[in-house]
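Notes follow once the structure below has been shown.
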Amino acid sequence: MKARAFSGLLLAALAAVFLATHAYAVTSKDVEKELMCQCGCTMVVAVCDCDTANQMREKISGFIAQGQSKDQILAYFVGQYGEKVLSAPTKKGFNLVAWVVPFAAVAVGGTGLFFILRAWARRGRKGGEVEESLVRPVSPEDVDEYKDRLEAELKRFKEEGSA
Amino acid sequence: MTQMGQIALVIAFLISVFSAAAVLIGARRGLPELMTSGRRGVVAVWVLTTLASAALWYAFITHDFQVKYVYQYSSRDLSLIYLISAFWAGQEGSLLLWAFVLSIFGAIVVYQTRKRNADLAPYVLLVITAIEVFFLGILNFSSQPFARLDGIPPEGNGLNPMLANPGMFFHPTTLYLGYVGFTVPFAFCIAALVTGRLGDQWIKSTRRWTLFAWLFLTLGNLFGAWWAYNELGWGGYWGWDPVESASFMPWLVGTAYLHSVMIQQRRGMLKVWNIGLIVTTFALSIFGTFLTRSGVLSSVHSFGQSNLGPLFVGLIVVVVVGALGLIWHRLPNLKSENQLDSLVSRESSFLFNNVILVGAAFAVFLGTVFPLISEAVRGVKVTVGPPFFNTVTAPIFLVLIALMGVCPLIGWRRASRDNLLRNFLYPFAIAVFAVALLAVLGIREAPVLLGMGLTAFVLFTILLEIFRGIRARHRTSGKDYLSAAGSLVWGNKPRYGGYIVHLGVIILAIGIIASQAYQVEKEVTLMPGESAQIKDFTLTYRGLDAYPTKTREVVTATLDVYDGSNRKLTVLTPGKTFQASTENPVSEVSVRTTLAGDLYTILEGWEDQKAAFKFLINPLVLWIWLGGIVLIVGAIVAFWPDAREAKRDAARLAEATVAVEEGANES
């Protein structure tokens with residue numbers, strides 16, 4: 001129950017952060033980052049400094065001054081150049097494959113690995129039971145003695161090993 | 001001289017064909033003379049490609065413009081250093097560089113296997129020579145570096161001004177050393193599959209090769225980032241260009257391999273997985289070379305597009321299908337008794353790290369080829385640019401960083417609760433404290449807080465571990481802390497080298513997180529004498545200068561930089577250079593670098609004396625380069641020959657020799 005309440009809280013916090021980041025007014029930088037420069041430089045408009053990028057930037061500032069929303073501006077450029085002008089695939093339709101599959105792969109891989117490892121660990125434990133039954137618990141006095149012996153042997157090993 | 005180079009390439013091709021056949025038949029039929037002949041052939045190929053490379057350099061340095069390649073990529077006014085690096089400015093030279101580096105590695109392998117690995121060596125050399133045949137074949141038949149023009153042009157075409165940068169010297173060479181370096185572990189892996197000697201011999205024999213290739217691939221990527229940052233002039237160091245992604249993917253999978261082989265060495269598990277990883281790493285290296293050269297995807301790296309695409313695709317198919325076939329063939333011998341003592345152990349944490357690394361590589365791969373997939377499925381071209389890669393890989397990398405803290409400190413076999421508490425309690429507390437401190441300082445972005453918390457956690461787990469080792473050594477040996485630290489690291493180079501590499505990666509990650517999250521940008525147009533402010537800096541524009549240099553026209557603006565208390569810090573001179581042979585000017589950025597961050601200035605344009613600038617504050621970028629240096633130091637420590645290891649190897653070699661001799665006597 002506690003865990004559920006905690007995860008609920010966490011989700012709420014994440015949602016708050018998410019909403020907060022979306023509350024800003026649109027700036028030309030926001031739009032420029034979502035558009036690719038069309039001069040062939042493979043950079044987003046925000047960072048390219050060629051003439052094509054300059055023209056696109058001017059247009060974007062113009063649209064923002066007219067009070068257009070980010071989606072409207074992006075739609076305009078998609079109309080002009082096609083979907084390839086967007087710097088990332090849209091999050092709908094077939095494009096979702098690109099967005100979802102990496103995470104799905106990691107999740108499936110991780111979960112699969114968890115079950116495999118658990119099976120291996122079980123197998124390991126079965127093999128280990130016999131061994132464990134042969135091991136006596138060590139008393140505290142023994143521990144001290146073992147430690148001394150280890151120290152002495154390590155010392156000897158080092159002297160001989162370095163020679 | 002150039003004719004000699006061309007002849008050398010022809011002979012090198014023929015000899016590599018012969019060598020491949022000789023080692024194969026020699027090994028199959030048990031003909032030692034033929035084997036020896038084949039091995040000598042590998043050395044001969046090295047001598048010949050060296051000769052060919054020397055010939056190409058000679059042509060560049062003597063401005064032999066009748067050689068088409070020299071004409072295309074150089075001119076008389078280039079300085080010596082760029083004449084040398086113009087070697088790999090285009091496709092033919094790049095491929096020759098590949099063949100040249102591979103031939104060096106082939107000769108080294110011949111030397112290394114003169115006494116050991118006698119069983120694997122023929123097939124290792126077979127793989128290496130087969131790949132040499134591929135590259136030398138291309139160099140002889142389709143992409144000839146020594147092709148000649150009919151006339152002799154008085155002047156060359158010149159080097160693309162973007163390539164006239166020290167980065168041109170280091171980025172391609174280190175990257176190729178990395179790409180080509182992975183050929184050797186790949187070749188050993190194939191040899192192990194062919195011979196059925198599937199123990200960890202091939203892995204032990206290639207530990208250094210793998211580290212070497214990994215280090216240079218890392219360096220290649222970092223030099224590329226540094227070059228982009230200082231030359232391309234857009235204020236960033238990584239743009240997720242397809243070719244950047246292509247060099248990042250083998251790095252990711254190679255890193256996974258570097259870790260997972262440790263499990264095979266300790267536990268004899270994961271044989272198929274390791275083979276899969278090294279084959280993938282190698283195939284991705286070829287894929288990287290292919291992407292740069294094929295022009296399938298548009299990229300800043302496509303300097304010349306060509307028809308080599310199908311050949312490279314063919315090679316990748318042969319590599320992958322061949323390896324799969326061999327794995328299938330050997331599958332009964334590859335079964336290992338997979339057992340774990342506990343779910344919480346080093347082994348399992350390494351495997352999760354593998355899932356994450358391979359998952360990241362897959363995400364990058366999917367993003368890189370998605371435009372092609374989309375076009376095939378929907379008939380619509382889409383772009384997969386930086387926003388996609390940043391969004392998709394950031395969470396994956398955060399998990400990776402977390403695992404980086406956890407993995408090295410979980411005990412092998414089985415981690416007890418005490419072990420976990422002992423290793424993680426303090427670092428975790430420090431990380432929480434660090435996050436709280438950052439929050440108090442005004443950092444509110446959740447991803448940044450998470451990232452910084454994780455890096456702090458990892459940083460302190462490593463430091464704590466190193467500190468404990470030093471303290472223990474100090475106590476047992478009575479040495480002072482400094483020499484205890486020295487002997488600790490030097491006494492177990494692979495392990496502590498690894499820790500140092502992790503420290504480097506963490507420093508690098510801190511730089512990346514900060515510079516990605518807190519870049520500040522300002523665009524202004526100023527008249528001389530006017531000032532603009534960005535954060536605490538005031539930049540006063542003094543005026544424009546235009547002057548010619550030996551090779552180009554340069555226009556620079558002078559900016560005085562003052563801090564908040566109006567103290568003059570430095571003078572920056574961003575500019576643009578014009579080269580007659582190209583239309584577009586190239587930005588020359590001017591940067592003030594400190595540990596806290598870079599003040600990065602770009603001159604965007606001007607009209608008379610009025611100038612347009614872009615100013616950027618890039619926080620902690622220096623940390624990226626410093627992290628890179630730490631990482632290199634760590635990799636060198638891990639690579640360094642180890643006396644104890646050498647002793648063990650010598651003993652094993654003696655045993656093996658006895659065994660081989662006994663075997664020979666029996667038969």
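Report, as an integer, the average count of C-beta atoms from other chains found within 10 Å of each Cβ along A:95-104. Spell out each step's value before the answer.
Numbers: counts 7, 0, 5, 12, 6, 1, 5, 14, 5, 1.
Taking the mean over all residues of the peptide, I get 6.
Can you give me the relative contact order of chain B as a percent, contacts being Cα pairs under 8 Å and 6 or more apart? Show your work: numbers first, answer last.
Working: 1081 pairs, mean separation 63.8, N = 667.
Computed value for chain B: 10 percent relative contact order.
Kindly state, to the nearest 0.05, the FRET efficiency for A:Phe94 paired with A:Asp71, given R0 = 25 Å and r defined as their beta-carbon distance. Don't skip to the end; give the middle numbers.
Working: r = 20 Å, r/R0 = 0.80.
Plugging the Cβ-Cβ distance into 1/(1 + (r/R0)^6) gives 0.80.
Would you tally the net charge around B:Leu31, using a Cβ to Cβ cut-off of less than 15 Å, leaving B:Leu31 out, and scoring K and R as +1, D and E as -1?
Values: positive: B:Arg28, B:Arg29, B:Arg39, B:Arg40; negative: B:Glu33.
So the surrounding residues net to +3.
B:Gln519: net charge of surrounding residues, Cβ under 12 Å, Lys/Arg +1, Asp/Glu -1, itself excluded? Don't jump to the answer; show the numbers that get you there.
On the way: positive: A:Lys29, A:Lys33, B:Lys522, B:Lys535, B:Lys614; negative: B:Glu521, B:Asp598.
Result for the neighbourhood of B:Gln519: +3.
For the range B:316-382, what does the alpha-carbon gyration tensor say about shape, rounded, prolate or oblate, given a ≥ b ≥ c as the root eigenvalues, a/c under 1.5 as rounded, and a/b over b/c as prolate? Kindly include the intermediate steps, with their values, before the conclusion.
Working: a/c = 4.18, a/b = 1.55, b/c = 2.69.
Since a/c reaches 1.5 but b/c is at least a/b, the shape of the range B:316-382 is classed as oblate.
Please give the length that would be gained between A:Tyr81 and A:Phe114 if that part of the chain were fully extended, namely 0.36 nm times their separation in residues minus their C-alpha to C-alpha distance (nm, one decimal). Mind dumping the intermediate values first?
Numbers: separation 33, 0.36 × 33 = 11.88 nm, distance 4.59 nm.
Full-extension gain reported as 7.3 nm.
How much space per residue, in cubic angstrom, does the convex hull of the C-alpha atoms of the protein assembly as shown take up? Don't skip to the answer; put the middle values down first.
On the way: hull volume 178.4 nm³, N = 830.
Expressed per residue, the convex hull around the Cα atoms of the protein assembly as shown is 215 Å³.
At 20 °C and 1.002 mPa s, grab the translational diffusion coefficient of chain B from Stokes-Einstein with a Kirkwood Rh over Cα pairs, rounded to a whole number in µm² per second. Write down the numbers at each step before the final one.
Working: Rh = 27.4 Å.
Translational diffusion coefficient: 78 µm²/s.
Highest first, please rank the peptides A:38-49, B:394-405 by the mean number of other Cβ atoms sitting within 10 Å of their residues.
A:38-49, B:394-405
Sorted by average packing, counted as other Cβ atoms within 10 angstrom per residue and highest first, what order do B:234-246, B:546-558, A:80-92 take?
B:234-246, A:80-92, B:546-558
Mind putting a number on the dipole of chain B about its Cα centre? Charges go on the C-beta only, +1 for Lys and Arg and -1 for Asp and Glu, and I need it in Debye to the nearest 20.
My answer is approximately 2300 debye.
Taking the beta-carbon count within 10 Å as an exposure proxy, list A:Glu151, B:Glu465 from fewest neighbours to most.
A:Glu151, B:Glu465
What are the principal axis extents of the Cα atoms in the range B:57-171, in Å, biggest first?
55, 31, 21
What net charge do the residues around B:Thr577 carry, taking every other residue with its C-beta under 9 Å from that of B:Thr577, with Lys and Arg at +1 and Asp and Glu at -1?
0
Taking the Cα centre of the protein assembly as shown as origin, work out the dipole magnitude from +1 charges on Lys and Arg Cβ and -1 charges on Asp and Glu Cβ, in debye rounded to 20. List each step's numbers first, then the result.
Working: 71 positive and 61 negative charges, 453 e Å.
Around 2180 debye, computed over the protein assembly as shown.
Gap in Å between the Cα centre of the range B:470-501 and the Cα centre of the range B:306-381?
Cα centroid of the range B:306-381 versus Cα centroid of the range B:470-501: 38 Å apart.
With N set to the number of residues, divide the alpha-carbon radius of gyration of the range B:508-560 by 2.2 N^0.38 Å and report two decimals.
Working: Rg = 15.9 Å, N = 53, 2.2 N^0.38 = 9.9 Å.
Normalised by 2.2 N^0.38 Å, the Cα Rg of the range B:508-560 equals 1.60.
Calculate the spin-label point distance for B:Val321 paired with A:Arg125, positioning each point 7 Å from the Cα along the beta-carbon direction, and give it in nanometres.
Distance between the two pseudo-spin positions: 4.7 nm.
Can you tell me how the range B:520-622 classifies by the Cα gyration tensor, rounded, prolate or oblate, using a/c under 1.5 as the rounded cut?
Numbers: a/c = 2.11, a/b = 1.56, b/c = 1.35.
Verdict is prolate for the range B:520-622.
Using alpha-carbon pairs under 8 Å, 6+ residues apart, how would you state the relative contact order of the range B:1-44 in percent? Present the calculation step by step, with values, prior to reporting the outcome.
Details: 33 pairs, mean separation 16.4, N = 44.
That works out to 37 percent.
How far apart, in nanometres, would the label points at B:Ile84 and B:Asn230 be if each is projected 7 angstrom from Cα along the Cα-to-Cβ direction?
Here the answer is 1.6 nm between the modelled labels.
What is the mean number of Cβ atoms from other protein chains located within 10 Å of the Cβ atom of each residue in peptide B:443-450, rounded to a whole number?
Working: counts 0, 2, 3, 7, 1, 0, 0, 0.
For peptide B:443-450, the averaged partner shielding equals 2.
Enter the mean number of other protein chain beta carbons within 10 Å of the beta carbon of each residue in B:350-363, as an integer.
Across the residues of B:350-363, the mean count of other-chain Cβ atoms within 10 Å is 4.
Only helical DSSP H runs with n ≥ 4 go in: add -39500 (n - 2.57) per run for chain B, normalise by residue count and round the 222 nm mean residue ellipticity to 500 deg cm²/dmol.
Details: 21 runs with 432 residues, N = 667.
One gets -22500 deg cm²/dmol as the mean residue ellipticity at 222 nm.
Grab the Cα-Cα distance for B:Ile104 and B:Arg471, subtract it from 0.36 nm times how many residues apart they are, and report the gain in nm with one decimal.
Numbers: separation 367, 0.36 × 367 = 132.12 nm, distance 4.39 nm.
That works out to 127.7 nm of additional length.
Given a Förster radius of 30 Å and the C-beta distance between B:Tyr481 and A:Glu145 as r, what FRET efficiency does 1/(1 + (r/R0)^6) yield to the nearest 0.05? Provide the component values of the computation, followed by the final result.
On the way: r = 30 Å, r/R0 = 0.99.
That gives a FRET efficiency of 0.50.
Mind giving me the FRET efficiency for A:Ser61 and B:Asp560? R0 is 30 Å, r the Cβ-Cβ distance, nearest 0.05 is fine. Write down the numbers at each step before the final one.
Numbers: r = 29 Å, r/R0 = 0.98.
E(calc), rounded to 0.05, equals 0.55.
Would you calculate the separation in nanometres between label points at B:Leu372 and B:Asn140, each defined as 7 Å from the Cα along the Cα-to-beta-carbon direction?
Here the answer is 2.9 nm between the modelled labels.
To the nearest 20 debye, what is the magnitude of the charge dipole of the range B:1-164 about its Cα centre, counting +1 on the Cβ of each Lys and Arg and -1 on the Cβ of each Asp and Glu? Don't jump to the answer; show the numbers that get you there.
Numbers: 10 positive and 8 negative charges, 144 e Å.
Around 700 debye, computed over the range B:1-164.
How much length is gained if the chain between B:Thr36 and B:Glu523 is pulled fully straight, taking 0.36 nm per residue apart and subtracting their Cα-Cα distance, in nm to one decimal?
Values: separation 487, 0.36 × 487 = 175.32 nm, distance 6.70 nm.
Here the answer is 168.6 nm.
Here, each number is a calculation from the coordinates, and none is a lab measurement. Not measured: the values here are computed from a predicted model. Every residue, glycine among them, receives a Cβ derived from its backbone with ideal geometry; neighbour counts consider all protein chains shown.
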